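The values are calculated or read from the model by the stated rules, or taken from the named source; none is laboratory data. Being a predicted model, the structure only gives us computed values, none of them experimental. Note that we place each Cβ from the backbone using ideal geometry, even for glycine, and neighbour counts take in every protein chain shown. Protein only, heavy atoms only, side chains kept; ligands, DNA and RNA dropped before computing areas. Shrake-Rupley method; radii C 1.70, N 1.55, O 1.52, S 1.80 Å.
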Amino acid sequence: MLNRKQETQNKQEEMEERGHWGSKVEFLLAVAGNVVGLGNVWRFPYLCYKNGGGAFLVPYLVFVVTCGIPLFLLETTIGQYTQEGGITCWRKLCPLAEGIGYGGQLILFYSCMTYIIILSWALLYLVFSFSSQLPWSSCDNYWNTDDCVDFSTRNNTVQWTNQTNSTSAATEFWERRVLAISAGIEEIGSIRWEVLLCLIVMWIICYFCIWKGVKSTGKVVYFTATFPYLMLLILLIRGLSLPGALQGVLFYLLPEPSRLTDPQWTNAGAQIFFSYSVGVGSLTVLGSYNTYNNNCYKDCLWLCLLNSGTSVVAGFAVFSVLGFMAHEQGVPIAEVAESGPGLAFIAYPQAVAMMPVPQLWSICFFVMLILLGLDTQFVAMEVVMTSIIDMFPTVMRRAGQRERFLLLFCLTCFCSQVVMITEGGMYVFQMFDYYACNGACILFLCVFETLALGWVFGIERLYDIIKDMTGVRANPFFKICWLYLTPLVSLGSFICSLVEYQPLTFNRWYVYPAWAYVLGWVMALSSILLVPGWALYKLGTGTGTLSQRFHRLCRPDLDYSLTQKKEAELQRVGGEALQQFTD
């Protein structure tokens, strides 16, 4: 008996502590690095100009106020309160809703596979940026066709505007040199070895950024979360000094009030849910490494302001350069403005190739791109790791276990994504990005997240928890949001996204085969169905009547239904009662 007790005590001693952030600054930088990512640079500016310029800011701010900030605060609060990961926090607060945690982690897993591919492309472009002549600035290379046009002379600009079959040098470099893209997803082709090498480098960097948990993550973010702002400032100043920059900025922000009635404004909702990193458990995990009395209320408000502010500033940096590009080519800005990979790997590189000292600006841009994406990538990996480790603490919190499991996770993602760096890989990448990481999936999770916490766990409990942790009484407006506005707006956006659904196409001409669309929907539904699926599983496998099981699964863990203050009061009263009894 004594040996068994000693063995149990030794096992507990061997377990490593979960840990906390080394300082408040580490938490702020980690969250800032996670929420300020590629979407701020290549998605927000494009959506802004496409959906009415300055008029787009109206629905954008509506979603910020009704969904973005309330969900940001809600998830950070439950993480800091429970000190648990994205899955186990639901076991403490509302076991019936644990499927929300599983769904969020699955979306993050898909995101880890796609996001790092973008970083690999950016790294390859960065390497090419050190060439004596940027390879996407001319048509004298072996991969160019007779239809290639560069913009080194005004004559070529005229040629570009007069020929409909012409392609830019930057486009041919992207499609024929970097991707060597095939005719369709049916033709996977061979692996792009240069991209493979870059992918390996990025996985190694990510591994060593987080292999020691918050001890290493908290130190890395000092660089990865701050240096991109220096690069963005440099590119902003350079962009605004270029000829044609003013036209680009006006095109970016000039309001078109008529677009407010366009249902496309729901794009603002998807942008908020992506850029604020809500719905997938990231903020829950990052908040869980705070001390109990950290003022997360004030932190969340400032971080939300930083995120949206960065998006707006990035728009000035991007569209000032696109305005210069349109000015030099003599074409409308609408013809050079793109979103996603098209902006980062075609439009912007083509623009810097037209500047004096193009290598310098190319290096600045791709360094910024890599660092913006890198901290988002390794924070997503950290979130998945923490969530799984918290599910099996006795096994996973032992010396060396985290490092080994992280290596297994990286290898699993790497082997699963090799198909994305083949000649047909871009078609697979687009499928994952369009279906598996779809904003509609996150909207669905957010609807049930607010319902579970606002209505089942209890809005008054949440308010008491925030007051107990921070010493601040949250604004009553958040109560209205968590009970009504956030779930209704999220549900409305989710329904709109289904109504407006358009099958994925590539470059507006390639239509995927039927089996690809079926696979895409399977990936999309895989995260959504975990929410009702888990609830039905727990209701079906529990003991007692159905009503008893339901009420048991809606009841929070006793230790997590109270604030620390109330728990201390109960312990004090219990202690006094025991003392009186013994006397």
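Any residue that is more than 30 Å from Tyr427 (Cα to Cα) and among the basic types (Lys, Arg) - is there at least one of those in the stretch 227-248? The answer is yes, given that some residue of the stretch 227-248 is more than 30 Å from Tyr427 (Cα to Cα) and among the basic types (Lys, Arg).
For residues in the stretch 385-429 being among the small types (Gly, Ala, Ser) and open to solvent by 40 Å² or more (accessible area, probe 1.4 Å), which is modelled with the lowest pLDDT?
Top of the filtered list is Ala399.
Counting only residues that are assigned to a helix (DSSP H, G or I) and either open to solvent by 70 Å² or more (accessible area, probe 1.4 Å) or at positive phi (or both), the stretch 490-524 holds 10 of them.
With respect to Gly471, determine if the residue is in contact (Cβ under 8 Å) with a residue 12 or more places away in the chain and not hydrophobic (A, V, I, L, M, F, W, C). It is true that Gly471 is in contact (Cβ under 8 Å) with a residue 12 or more places away in the chain and not hydrophobic (A, V, I, L, M, F, W, C). Within the stretch 541-565, residues that are under 16 Å from Arg91 (Cβ atoms) have Cβ atoms under 7 Å from residues that are of a type in the set (Ser, Thr, Tyr) and at pLDDT 85 or above in these pairs: Tyr560/Thr82, counting only partners at least 6 apart in sequence or on another chain.
Among the residues of this structure, Val41 counts as one that is crowded, with 24+ Cβ neighbours inside 10 Å and of a type in the set (Val, Ile, Thr).
Across the stretch 1-37, what is the number of residues that are modelled with pLDDT of 85 or more, assigned to a helix (DSSP H, G or I) and of a type in the set (A, V, I, L, M)? The total comes to 7. Can you find a residue that is touching a residue at least 40 places away in the same chain (Cβ under 8 Å), farther than 22 Å from Gly248 by Cα and not charged (D, E, K, R) anywhere in the stretch 307-315? Yes, the stretch 307-315 has at least one match. Of all residues in the stretch 453-476, those satisfying the criterion of being open to solvent by less than 10 Å² (accessible area, probe 1.4 Å) and assigned to a helix (DSSP H, G or I) are Leu453, Gly454, Phe457, Leu462, Tyr463, Ile465, Ile466, Met469.
Condition (residue is under 20 Å from Leu240 (Cα atoms), open to solvent by 10 Å² or more (accessible area, probe 1.4 Å) and free of Cβ contacts under 8 Å to residues at least 12 places away in the same chain) applied to the stretch 336-346: is it met by at least one residue? Within the stretch 336-346, none of the residues are under 20 Å from Leu240 (Cα atoms), open to solvent by 10 Å² or more (accessible area, probe 1.4 Å) and free of Cβ contacts under 8 Å to residues at least 12 places away in the same chain. Screening the stretch 526-577 for residues that are aromatic (Phe, Trp, Tyr) and at pLDDT 90 or above and picking the one that is nearest to the chain's Cα centre (by Cα) gives Trp534. Within the stretch 203-254, track down each residue that is within 18 Å of Val318 (Cα to Cα), part of a loop (DSSP other than H, G, I, E, B) and in contact (Cβ under 8 Å) with a residue 24 or more places away in the chain. If the condition is that a residue be within 18 Å of Val318 (Cα to Cα), part of a loop (DSSP other than H, G, I, E, B) and in contact (Cβ under 8 Å) with a residue 24 or more places away in the chain, then Leu242, Pro243, Gly244, Leu254 are the ones that fit. Across the stretch 376-417, the number of residues qualifying as aromatic (Phe, Trp, Tyr), without any contact (Cβ under 8 Å) to a residue 24 or more places away in the chain and part of a helix (DSSP H, G or I) comes to 1. For the stretch 45-63, which positions are at pLDDT 85 or above, among the hydrophobic types (A, V, I, L, M, F, W, C) and either crowded, with 22+ Cβ neighbours inside 10 Å or touching a Phe, Trp or Tyr at 6+ places or on another chain (Cβ under 6 Å) (or both)? Across the stretch 45-63, the qualifying residue is only Phe63.
Here's the yes/no breakdown for (1) open to solvent by 10 Å² or more (accessible area, probe 1.4 Å); (2) touching a residue at least 12 places away in the same chain (Cβ under 8 Å); (3) not in a loop (DSSP other than H, G, I, E, B):
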{"position": "Thr66", "(1), (2), (3)": "yes, yes, yes"}
{"position": "Thr77", "(1), (2), (3)": "no, yes, yes"}
{"position": "Gly101", "(1), (2), (3)": "no, yes, yes"}
{"position": "Met113", "(1), (2), (3)": "no, yes, yes"}
{"position": "Leu119", "(1), (2), (3)": "no, yes, yes"}
{"position": "Phe130", "(1), (2), (3)": "yes, yes, no"}
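With respect to (1) in contact with a Leu (Cβ under 6 Å, 6 or more places away or on another chain); (2) of a type outside the set (S, T, N, Q); (3) farther than 16 Å from Thr76 by Cβ, the lone exception for Phe457 is condition (3). Can you pull out the residues in the stretch 173-225 that are open to solvent by 50 Å² or more (accessible area, probe 1.4 Å) and among the aromatic types (Phe, Trp, Tyr)? Answer for the stretch 173-225, where residues must be open to solvent by 50 Å² or more (accessible area, probe 1.4 Å) and among the aromatic types (Phe, Trp, Tyr): Trp193, Phe208, Trp211, Tyr222, Phe223. Looking at Leu106, Leu123, just one residue is open to solvent by 10 Å² or more (accessible area, probe 1.4 Å) and within 16 Å of the chain's Cα centre (by Cα), and that residue is Leu106.
Each row is one residue, and each column tells you yes or no for (1) of a type in the set (Phe, Trp, Tyr); (2) within 18 Å of Gly520 (Cβ to Cβ).
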position	(1), (2)
Phe365	yes, no
Leu369	no, no
Met385	no, no
Phe392	yes, no
Val418	no, no
Phe429	yes, yes
Tyr435	yes, yes
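Looking for something out of contact with any His (no Cβ under 6 Å at 6 or more places or on another chain), open to solvent by 10 Å² or more (accessible area, probe 1.4 Å), assigned to a loop (DSSP other than H, G, I, E, B) and modelled with pLDDT of 90 or more - is there at least one such residue anywhere in the stretch 294-308? Among the residues of the stretch 294-308, at least one is out of contact with any His (no Cβ under 6 Å at 6 or more places or on another chain), open to solvent by 10 Å² or more (accessible area, probe 1.4 Å), assigned to a loop (DSSP other than H, G, I, E, B) and modelled with pLDDT of 90 or more, which makes the answer yes.
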